[in-house]
Amino acid sequence: MAEEIRLVDTHAHIDGEDYDADREEMLARAKEAGVVAVVTFGDTMEASARAVKLAAEHETVFAGVGVHPENIFPFAAEDDDRLAAWTKEKNVVAIGEIGLDYYWEKDEDKRKLQRKMLVRQLALARDLDLPVCIHDREAHGDMMAILKTEGRNNRGVIHCFSGSWEMAKELLKLGWYLGVDGPLTYKNAAKLPEIIEKMPADRLLVETDCPYLSPLPYRGQRNEPAYVRITAEKAAEIRGESLETFSAQTTANACAVYNLKIA
Ligand code: NI
């Protein structure tokens, strides 16, 4: 008998209205596809509150709380306190999604605010002894500078990794895990397949970033956790591994970095 496939979708956003009509069915499809856990991340305070609620209601859903760079605002002390309080709730395992996005943000003052609030949320994660989930889009230089200074004692994941192999090597040396998503299946995946092939097995994670970034053949449609299996199949093929081996390893990695307790 073939070994059971057990995957974790390590980065999703299942709190939004995209899933209001079929959230339970969507989670059932994930289970059928072998997805034993979903880590859903808040990208605003409101979304973080919803993520915490979903984690409380579902054994297979874990949550991260944080404010995404595209939605960043100057925190008051009570914002840190709200995030910290949420991390004490059931199945809340990380601070995220936090980071820098210079693709969408061109204004220098707002980029500066992104950096300031990233550093602040990294500090919060250290205080709480929790891993972080990092978003880095077209901000590689500033991100590396922060992770080597203020973030040197943080741990966690660079999700949807989009840098070079050189950058990957630096991050691996600093102890970070890297996440790969649906774009691995695209024809224009560029240098990503080569990076996935070279990645050490114990630092790689698979994720959907749903509802965004659907893998082929669903590109352009709503993404969902079940489709993490498609990205896992592609990554396993690139690495010359069976899906069984690949999923067992990446699920072990997910449990290690996010301290997931899964049945
Ligand atoms: Ni995301």
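The values are calculated or read from the model by the stated rules, or taken from the named source; none is laboratory data. What you are looking at is a predicted structure, and each value in this text was computed from that prediction instead of being measured. Glycine gets a Cβ as well: all are built from the backbone with ideal geometry, and neighbour counts include every protein chain shown. Calculation scope for accessible area: heavy atoms of the full protein, side chains included, ligands and nucleic acids excluded. Shrake-Rupley method; radii C 1.70, N 1.55, O 1.52, S 1.80 Å.
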Next item on the list: Mind pulling the per residue volume of the convex hull built on the Cα atoms of the chain? Å³ is fine.
Entry: 120
Note to self: If each DSSP helix of 4+ residues adds -39,500 (n - 2.57) and the sum is divided by the residues in the chain, what number results at 222 nm, nearest 500 deg cm²/dmol?
What the structure shows: -12500 deg cm²/dmol
Notebook entry, point to check: Hey, got the dipole for the chain? About the Cα centre, +1 on K and R Cβ, -1 on D and E Cβ, debye to the nearest 20?
Noted result: 740
Next item on the list: Place a label point 7 angstrom from the Cα of Lys148 along the Cα-to-Cβ direction, then list the residues of the range 157-175 whose backbone nitrogen is under 12 Å away.
Entry: 167, 170-171, 174
Next item on the list: Answer with one residue from Ala85, Gln114, His159: the one whose Cα lies farthest towards the positive end of the charge dipole of the range 69-188, charges on Cβ with Lys, Arg +1 and Asp, Glu -1.
Entry: His159
Notebook entry, point to check: Between His140 and Ala77, what length comes free when the chain is fully extended (0.36 nm per residue of separation minus the Cα-Cα distance, one decimal in nm)?
Noted result: 19.8 nm
Check: Which FRET efficiency value, to the nearest 0.05, is calculated for Lys31 and Lys88 with the Förster distance at 30 angstrom and r the Cβ-Cβ distance?
Finding: 0.65
Margin query: Using Cα-Cα distances under 8 Å and only pairs 6 or more residues apart, what relative contact order does the range 7-258 have, in percent?
Written below: 20
Next item on the list: Using a 1.4 Å probe over the heavy atoms of the protein chains, calculate the carbon and sulfur portion of the accessible area of the range 7-258 as a whole percent.
Entry: 49
Notebook entry, point to check: On full extension of the chain, what length is gained from Asp20 through Lys169, given 0.36 nm per residue of separation minus the C-alpha to C-alpha distance?
Noted result: 49.7 nm
Notebook entry, point to check: Of all trypsin sites (Lys or Arg not before Pro) in the range 92-196, which ones are in loop regions per DSSP and have a Cβ with at most 13 other Cβ atoms within 10 Å?
Noted result: Lys106, Arg152, Lys187, Lys191
